[in-house]
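Only one structure is covered here, and it is reproduced in the block below.
The values are calculated or read from the model by the stated rules, or taken from the named source; none is laboratory data. Owing to the predicted nature of the structure, the values given are computational and were not obtained by experimental measurement. Cβ placement follows ideal geometry from the backbone for every residue including glycine, while neighbour counts extend to all protein chains displayed. Side chains included, ligands, DNA and RNA excluded: accessible areas come from the protein's heavy atoms. Shrake-Rupley method; radii C 1.70, N 1.55, O 1.52, S 1.80 Å.
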There are 2 protein chains.
Amino acid sequence: MNQERWITLAHGNGGRFMRELIDGIFARHLANPGLDVRADAVALELDGEALFTTDGFTVQPLEFPGGDIGMLAVHGTVNDLAVAGAIPRYLSLSAIIEEGLETELLERLVASLAAAAREAEVQVVAGDTKVVPRGHGGGLYFITSGVGIRANPIPLGLDRIQAGDSILVSGPVGDHGICVLLAREEFGLQGELNSDCASVLPLTRTLLDLPGLRFMRDPTRGGLATVAHEISQVTGLGVRLWEAVIPVHEPVRSVCDMLGYDPYYLACEGRVVAVVAPEQAAEALTRWQRLPQGHEAAIIGRIDATGPAAVVLETELGGERLLDELEDDPLPRIC
Amino acid sequence: MNQERWITLAHGNGGRFMRELIDGIFARHLANPGLDVRADAVALELDGEALFTTDGFTVQPLEFPGGDIGMLAVHGTVNDLAVAGAIPRYLSLSAIIEEGLETELLERLVASLAAAAREAEVQVVAGDTKVVPRGHGGGLYFITSGVGIRANPIPLGLDRIQAGDSILVSGPVGDHGICVLLAREEFGLQGELNSDCASVLPLTRTLLDLPGLRFMRDPTRGGLATVAHEISQVTGLGVRLWEAVIPVHEPVRSVCDMLGYDPYYLACEGRVVAVVAPEQAAEALTRWQRLPQGHEAAIIGRIDATGPAAVVLETELGGERLLDELEDDPLPRIC
């Protein structure tokens, strides 16, 4: 196809350029039996209870070590369904493109999105594109909504968490946040770190039949500490985290030390935090550690009814530190 | 609630400010049994075949006579489901907010969105907010995805259109486009026009049991001419439109004459184009004209197998004019 080199406003107007953009890039890469780019709405085949979610992606830069906004837009929404106990099935994709974006870059990102969708076995069945004038967008935003089928035989939710439950994390925290930070080159630092951006579906699926599984969440914006705060606020219980055993990759720790960040507030895009009844925590850990995505998983804390409804980090030196609720944004446009 | 006056990056970080923004504005206005702002994904109750769609809204200005981006974000997606023959049920809402947006304006827009959702009897059950730095967004973008239940007893689609079919429009075209144009004050013109932004569900529902109903579409971006082009391209048939009977409000015609726009390419946000078997066109027209949304409805053209697969406007003076496929964008950020 004869594509223009840069996206223009005419690519968003509903006319010929838009049709060529959709046919030449979006439909070509995302082709699947369910996608009909000429339909206003598409039918879904659903053989169970449907779960629904949405997420917007504004990460900057659009490409970073280990991922890009296209892959992230699939994994982010797939992961929201996965931690809710669903098997993801269908995605919609809305693109808000800033005039002047390089067409080749757009195509690379859509191709990456399509590859991630194939890997996660979800079909992108509905889409929309808008082009906004130069200066009115950050290059490109992707917004995905997802529909999945409930697969958890037991109910999951913050309200099922009980005092004494164990807290697990599926792998090291903060890789995505630090990786995007370094990719921005604002600090002149170079890292060997890749984003953890990935589907967490294998991790969630393997726990679904554990009767002691209470709740799962992917710690994205605001990181592990923010998930811990949500648990504490909703349950009215304390959350105690053990610093010595929370996995953090060494480069993440170094950059955090250098810049004064706390890794527990940094976004992950391929990790799961799970709360599990204490008698099944070891079984959950074993199941995770058997998976390539989970070999660094750890039991990192406990739900606690004896102290205040707060998030307390037990430090490696034997002290305690309150992890406050996040206020300032350490890293905007991280996801 | 003690809200900040302007949105800051901290309102998007996953922490306390974001929680307050979601609880204080989004959840408060959108409250409904299905909305759980603390869940990663929500369950849908679906008693039929699910239809799915998505749409992004980038209109500028955010408020215009007769509507705003909040109302538009509901109607746009509700209407995509409606013209596909569905009864809309659930929406997701993703907001991309530019740092510095006035909180009061955001609240007004979310309240308008909530009111439109109540009116259309859809529940906003899933949401996401992102805040992007100043200069990286056009104030506010809303992206909605919708799930509806199929209600058309007969299949609808471009592929069902046949030579000889009649083309109907439910009301005057171009109001939304001209209204937004005037609201921008770029041209120093003032109009008395309101946007046609509205749910088309009453219009689509009343036709669903007509065996001769072939296809419906809401002529948004690219307007009536673009719908006609899509029909022609997919069917390989000609589309003939009769200028003398296409309803256009007088102020729309005046502004178009003055600025050299063609009203047939301008966006509507509350109209339907329907293709109906000729023997049922009068019945369809009567049904529309009985509704308050359809009293200016008209039969405006015909599917034609004798000429080329093109869109031809038969002019009031008895001539013919080809309506080319849209290329330049007359009005970016119209929806």
Hits in region B:18-34 - residues which are open to solvent by less than 40 Å² (accessible area, probe 1.4 Å) and within 11 Å of another protein chain (Cβ to nearest Cβ) = B:M18, B:G34
Just wondering, is there one or more residues in region B:248-261 that are of a type in the set (S, T, Y) and at pLDDT 95 or above?
-> no
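Sort through B:D47, B:D40 and tell me the only one that's out of contact with any Phe, Trp or Tyr (no Cβ under 9 Å at 6 or more places or on another chain), part of a loop (DSSP other than H, G, I, E, B) and facing chain A (nearest Cβ under 8 Å). Give the steps one after another, and end with the answer.
Numbers: B:D47 fails: facing chain A (nearest Cβ under 8 Å).
Result: B:D40 is the single residue among B:D47, B:D40 that is out of contact with any Phe, Trp or Tyr (no Cβ under 9 Å at 6 or more places or on another chain), part of a loop (DSSP other than H, G, I, E, B) and facing chain A (nearest Cβ under 8 Å).
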For B:E107: the one exception among (1) within 21 Å of B:G12 (Cβ to Cβ); (2) within 9 Å of chain A (Cβ to nearest Cβ); (3) of a type outside the set (V, I, T) = (2)
Would you pick out the residues in region A:1-13 that are within 11 Å of chain B (Cβ to nearest Cβ) and open to solvent by 20 Å² or more (accessible area, probe 1.4 Å)?
-> A:T8, A:L9
Residue count, region B:124-145 (criterion: more than 7 Å from every other protein chain (Cβ to nearest Cβ) and within 24 Å of the chain's Cα centre (by Cα)) = 6
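Taking region A:110-130 on its own, how many of its residues are surrounded by 18 or more Cβ atoms within 10 Å (Cβ to Cβ), in contact (Cβ under 8 Å) with a residue 40 or more places away in the chain, under 22 Å from A:G12 (Cα atoms) and of a type outside the set (S, T, N, Q)?
8
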Checked region B:283-335 for anything within 14 Å of chain A (Cβ to nearest Cβ), charged (D, E, K, R) and crowded, with 18+ Cβ neighbours inside 10 Å; matches are B:E325, B:D329, B:R333
Does at least one position in region B:39-57 carry a residue that is open to solvent by 50 Å² or more (accessible area, probe 1.4 Å), modelled with pLDDT under 85 and within 29 Å of A:D324 (Cβ to Cβ)?
-> no
Give me the pairs: first residue in region B:218-236 and free of Cβ contacts under 8 Å to residues at least 40 places away in the same chain, second residue in a helix (DSSP H, G or I) and open to solvent by 10 Å² or more (accessible area, probe 1.4 Å), beta-carbon distance under 8 Å, and six or more apart or on different chains, which are they?
-> none
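Within region A:180-190, can one find any residue that is at negative phi and within 11 Å of chain B (Cβ to nearest Cβ)? Spell out the reasoning first.
Here is the first cut: in region A:180-190, the ones at negative phi are A:180-184, A:186-187, A:189-190.
Keeping just the survivors that are within 11 Å of chain B (Cβ to nearest Cβ) gives none.
No: region A:180-190 contains no residue that is at negative phi and within 11 Å of chain B (Cβ to nearest Cβ).
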Taking A:P133 as the residue in question, decide whether it is open to solvent by 20 Å² or more (accessible area, probe 1.4 Å), modelled with pLDDT under 95, of a type outside the set (G, A, S) and within 28 Å of A:A228 (Cα to Cα).
-> no
